[in-house]
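Here is the structure we will look at.
The values are calculated or read from the model by the stated rules, or taken from the named source; none is laboratory data. For clarity, every value in this text was computed on a predicted model and none was experimentally measured. Neighbour counts are summed over all protein chains in view; Cβ atoms, including those assigned to glycine, are modelled from backbone coordinates with ideal geometry. In case anyone asks, the SASA skips ligands and DNA or RNA and just uses the protein heavy atoms, side chains included. Shrake-Rupley method; radii C 1.70, N 1.55, O 1.52, S 1.80 Å.
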Amino acid sequence: MTQDVAVLGAGMHPWGKWGRSFVEYGAAAARAALADAGLEWRDIGSIVGADTVRGGYPGYVAGATFAKALGWQGARVASVYAACASGAQAVNTARAQILSGLADVVLVVGADAAPKGFFRPAGGDRPDDPDWLRFRVLGATNPTYFGLYARRRMAVHGETPEDYAQVKVKNSAWGALNPYARYRKPVTAEEVAASAVVADPLRLLDICATSDGGAALVLAGLEFARRHGVTNPVRIRAVSTVTPRYPNTVLDLPDIATDSAVAVQPAAHTFRESIAHAAYEEAGIGPEDLSFAEVYDLSTALELQWYEDLGLCGEGEAVKLLREGATAVGGRIPVNASGGLASFGEAVPAQAIAQVCELTWQLRDAAGDRQVDGARVGIAANQGLFGHGSAVVAVR
């Protein structure tokens, strides 16, 4: 177990399609987090930016870009990129700076201005790039993979499109209560079934959108928090950033093949399972200790996969949790009380930071009508392309 770091402030810019620069969203979120922490930008010793690949060079050096937008003041700076895991990598970088004594208080910021429609590969010909290959050779967009995952779960575990629709129904009910969500309207199962098929069996309302948005956190050492009158802060207890183990026998974005397990026995945990396992091990907890979870529901079927990967149930039992209402409001282990990606869409470098914002508000008992009763321990989990694990455990 490592030492905890305190979350002094959390802030977001609402998700949507606003048509403005990612810098504007990130700066707004940063100012909101600073105000929540009761600090000024000049008080910050370091800033860590989660990069976006859609903002040109300012996006590639997001830490400095946000520092400039807030006003140069000499803070230490870092910029990190790990696709969907960028936000958790930024949190981990900030935590490492605090625990090593390089900074007392760090501002973490991520923001994106997403394209219309599917995410696409970067320009140019790169035949040694799996992401380029899956688009150019197979024409496999992200939803293609989501549909394959869903088909596999239906074949192996007996799930149905009607089950997946209930995930959307659950998450949209919470999203309607979240002022930062892009989609703030409850959705019915009938509306899911009536939406267009995108990647069979998944329909338009089964798949998350691409969105603009920004999120920020102010993190500090516990001694800094005490000096500033915060005696019982939300604390980050673990950050998991693991990679897969060979042989990786589960097909995952952006690969088009798995490793052979003929000569080497697969690891005890799949990649996604290992993300949660490492976080639990570092935090000194188990899935039975969780009050709630935020997971990366890129599709409705993938949310069910995360139930199993987090150890909330056994393999093939996720749909039973869903049907029993265990992951809904008032259930045993609420999942995606923020509304999830179903209600936000994906603003890639901001999303994992937004998950930690939700953990913070829930643990402060400040989530309003979305509040999970008695929230004490929460986990946020996702993964980035090319084997970037991402999970954060927060406690109070």
Would you point out the residue of segment 217-252, among those that are outside the structural domain of Gln97 (by the TED database) and touching a Pro at 6+ places or on another chain (Cβ under 7 Å), that is least open to solvent (accessible area, probe 1.4 Å)? Pro247
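Residue check: is Glu191 over 28 Å from Ala83 (Cα atoms), in contact (Cβ under 8 Å) with a residue 60 or more places away in the chain, touching a helix residue (DSSP H, G or I) at 6+ places or on another chain (Cβ under 9 Å) and in the same structural domain as Leu341 (by the TED database)?
Working: over 28 Å from Ala83 (Cα atoms): yes; in contact (Cβ under 8 Å) with a residue 60 or more places away in the chain: no; touching a helix residue (DSSP H, G or I) at 6+ places or on another chain (Cβ under 9 Å): yes; in the same structural domain as Leu341 (by the TED database): yes.
Taking the combined requirement at face value, the residue does not satisfy it.
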State whether one or more residues within segment 207-223 are touching a residue at least 12 places away in the same chain (Cβ under 8 Å), in a helix (DSSP H, G or I) and within 16 Å of Ser343 (Cα to Cα). no
Which one of these is in the same structural domain as Gly316 (by the TED database) and closer than 26 Å to Ala347 by Cα: Thr141, Thr160? Thr141
Residue list for segment 64-94, filter: among the small types (Gly, Ala, Ser) and under 19 Å from the mean Cα position of the chain (by Cα): Ser79, Ala82, Ala83, Ala85, Ser86, Gly87, Ala88, Ala90, Ala94
Here is a check on your reading of the model: is Gly340 open to solvent by less than 10 Å² (accessible area, probe 1.4 Å), touching a helix residue (DSSP H, G or I) at 6+ places or on another chain (Cβ under 8 Å), at pLDDT below 95 and under 16 Å from Cys84 (Cβ atoms)? no
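Considering each of Tyr307, Tyr296 in turn, give the residue that is within 15 Å of the chain's Cα centre (by Cα), open to solvent by less than 10 Å² (accessible area, probe 1.4 Å), within 21 Å of Gly340 (Cβ to Cβ) and free of Cβ contacts under 8 Å to residues at least 60 places away in the same chain. Break it down into steps so the answer makes sense when it comes.
Details: Tyr296 fails: free of Cβ contacts under 8 Å to residues at least 60 places away in the same chain.
Matching residue, one of Tyr307, Tyr296: Tyr307.
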Which residue pairs have Cβ atoms under 6 Å apart, sit 6 or more places apart or on different chains, and have a first residue in segment 233-258 that is under 25 Å from Ala37 (Cβ atoms) and a second that is modelled with pLDDT of 95 or more and open to solvent by 50 Å² or more (accessible area, probe 1.4 Å)? Val234/Arg396
Could you grab me the full set of residues in segment 153-184 that are in a helix (DSSP H, G or I) and either farther than 16 Å from Leu298 by Cα or touching a Pro at 6+ places or on another chain (Cβ under 7 Å) (or both)? Met154, Ala155, Val156, His157, Pro161, Glu162, Ser172, Ala173, Trp174
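Can you work out which of the residues in segment 185-206 that are in a loop (DSSP other than H, G, I, E, B) and more than 21 Å from Trp15 (Cβ to Cβ) is least open to solvent (accessible area, probe 1.4 Å)? Reasoning before the result, please.
First, pick out the residues of segment 185-206 that are in a loop (DSSP other than H, G, I, E, B): 185-188, 195-196, 200-201.
Applying the additional criterion that residues be more than 21 Å from Trp15 (Cβ to Cβ) yields 188, 196, 200-201.
Working: Thr188: 61, Ala196: 62, Asp200: 91, Pro201: 12 Å².
Applying the filter and picking the extreme gives Pro201.
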Please give the number of the condition Thr249 fails out of (1) touching a strand residue (DSSP E or B) at 6+ places or on another chain (Cβ under 7 Å); (2) over 20 Å from Ala391 (Cα atoms); (3) of a type in the set (Val, Ile, Thr). (1)
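Looking only at helices (runs of 4 or more DSSP H) that fall completely inside segment 278-395, which ones have 2 or more residues that are farther than 27 Å from Arg151 by Cα?
Values: elements: 300-309, 318-324, 340-344, 348-363.
Where helices (runs of 4 or more DSSP H) fall fully within segment 278-395 and carry at least 2 residues being farther than 27 Å from Arg151 by Cα, they are 348-363.
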Whichever residue in segment 326-337 is open to solvent by 10 Å² or more (accessible area, probe 1.4 Å) and touching a residue at least 60 places away in the same chain (Cβ under 8 Å) and, among such residues, is farthest from Tyr296 (Cα to Cα): Val329
Limited to segment 103-133, what total is found for residues that are small (Gly, Ala, Ser) and exposed (fewer than 13 other Cβ atoms within 10 Å of the Cβ)? 4
Any idea which residue in segment 45-102 is most open to solvent (accessible area, probe 1.4 Å), counting only those that are at pLDDT below 95 and of a type in the set (Ser, Thr, Tyr)? Tyr57
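Considering segment 106-140 alone, what residues qualify as being among the aliphatic types (A, V, I, L, M), farther than 30 Å from Gly16 by Cβ and in contact with a helix residue (DSSP H, G or I) (Cβ under 9 Å, 6 or more places away or on another chain)? Let's see the steps before the verdict.
Of segment 106-140, the ones among the aliphatic types (A, V, I, L, M) are 106-109, 111, 113-114, 122, 133, 137-138, 140.
Narrowing the set further to residues that are farther than 30 Å from Gly16 by Cβ leaves 133, 137-138.
Within segment 106-140, Leu138 is the sole residue that qualifies.
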Only one residue in Arg182, Arg136, Arg153 is open to solvent by less than 20 Å² (accessible area, probe 1.4 Å) and on the phi < 0 side of the Ramachandran plot, so which one is that? Arg153
